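The values are calculated or read from the model by the stated rules, or taken from the named source; none is laboratory data. All values reported here derive from a predicted model rather than from experimental measurement. Quick reminder, even Gly has a Cβ in these numbers, built from the backbone with ideal geometry, and neighbours come from all protein chains shown. These accessible areas exclude ligands, DNA and RNA; they are computed on the full protein's heavy atoms, side chains included. Shrake-Rupley method; radii C 1.70, N 1.55, O 1.52, S 1.80 Å.
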Amino acid sequence: MRIVVFGGNDGTGACVVRQALARGDEVVSISRRGWGMPVDGLTDVKLDATRSADLDEVLRGADAVVIAVGSPGFDRNRLRTRVTASVVAAMRRVGLRRVVVHSSLGVGDSLRLMKEPVRTIAKVALGVALADHETQEGLVAHAGLGWASVRPGGLSDDPRADDVRLVPTAEAEVGAPTGRITREDVAAGILQAIDEGLTGTFVFVPR
C-alpha cells in the first residue's frame, strides 16, 4: 500500500510513517522541513501543502492519504483547514479517494462525551484549535471522498500502550473516551481506519 502522510515528519504523523514502514507499506512524508535525515524506505518530500497545484504529482498512485498536520493552539490562520482544503482539491483532481484526518476529542459531537469541568475548559482553552479541526472535518466529509476522522484526547510521546480501541463517536458514552493517549496508539488507529475502510468520526475508548 502507498500512503501519503501530511505532517509526516513530526508528532503523530511521524508515528504513522514509522508504523507503516515497519509493516511494509510504501510511505511518502509531506512537510515543510522534512525529516532531516535519511529513513530507509521513506520518500521524504519538502513542500508547502497549502499550494494545491504542487500536490498532484506526489498523490498520483497513492492508495490513501493521512492528514496529521500540527498547528499552534492559538493559530488563527487555520493551518489545518488550509492544508486540508488544498489536499482535498488535489485528491479530486488525481482521482484519489481515501483520506484519514487526525482530529481531536472535543470536536463536533464528541464535545458531549467530555465530562465537566473538562468540557468547559476545552471549549475555552482549545476553542481556536477545535474550530480549525471542525472545519477540517467538514471539508473531507463533504468532498465525496472515502473519509474517516480519529478524535484522540490529550497526546503523549510514551511508548504504545495498545490499551484502546476505536469506536464511532455516536456510539461512545459520556466520559468513555480516554483523556490521555499515546501518539503511537493514535497512529495505529489511523492505520486501522485505512485498512478497514472506516467511514465517519471515531474516538478512542479503553479496551
- Message: Just checking, does the stretch 113-125 include any residue being in contact with a Gly (Cβ under 6 Å, 6 or more places away or on another chain), open to solvent by less than 70 Å² (accessible area, probe 1.4 Å), hydrophobic (A, V, I, L, M, F, W, C) and within 24 Å of residue 26 (Cα to Cα)?
- Response: no
- Message: Checking the conditions here, which among 58, 88, 99 is in contact with a Leu (Cβ under 6 Å, 6 or more places away or on another chain) and farther than 25 Å from residue 155 by Cα?
- Response: 88
- Task: Exactly one condition in (1) more than 15 Å from the chain's Cα centre (by Cα); (2) crowded, with 22+ Cβ neighbours inside 10 Å is not met by residue 3; state its number.
- Result: (1)
- Message: Report every pair of residues separated by at least 6 positions or lying on different chains whose Cβ atoms are under 7 Å apart, first residue within the stretch 150-169 and closer than 29 Å to residue 138 by Cβ, second open to solvent by 50 Å² or more (accessible area, probe 1.4 Å) and part of a strand (DSSP E or B).
- Response: 153/180; 154/180; 156/180; 164/206
- Out of 94, 45, report the one residue that is out of contact with any strand residue (DSSP E or B) (no Cβ under 8 Å at 6 or more places or on another chain), open to solvent by 20 Å² or more (accessible area, probe 1.4 Å), among the aliphatic types (A, V, I, L, M) and modelled with pLDDT of 95 or more. 94
- Item | Every residue from the stretch 139-168 that is buried (at least 21 other Cβ atoms within 10 Å of the Cβ), of a type outside the set (A, V, I, L, M) and either at pLDDT 95 or above or assigned to a helix (DSSP H, G or I) (or both) | 147, 149, 151, 152
- Lone qualifier among 45, 39 - being farther than 29 Å from residue 130 by Cα and among the β-branched types (Val, Ile, Thr): 39
- Message: Tell me yes or no: at least one residue of the stretch 99-110 is outside any helix (DSSP H, G or I) and hydroxyl-bearing (Ser, Thr, Tyr).
- Response: yes
- Query: Residues in the stretch 65-91 that are open to solvent by less than 40 Å² (accessible area, probe 1.4 Å) and either outside any helix (DSSP H, G or I) or among the charged types (D, E, K, R) (or both): how many?
  - Reply: 9
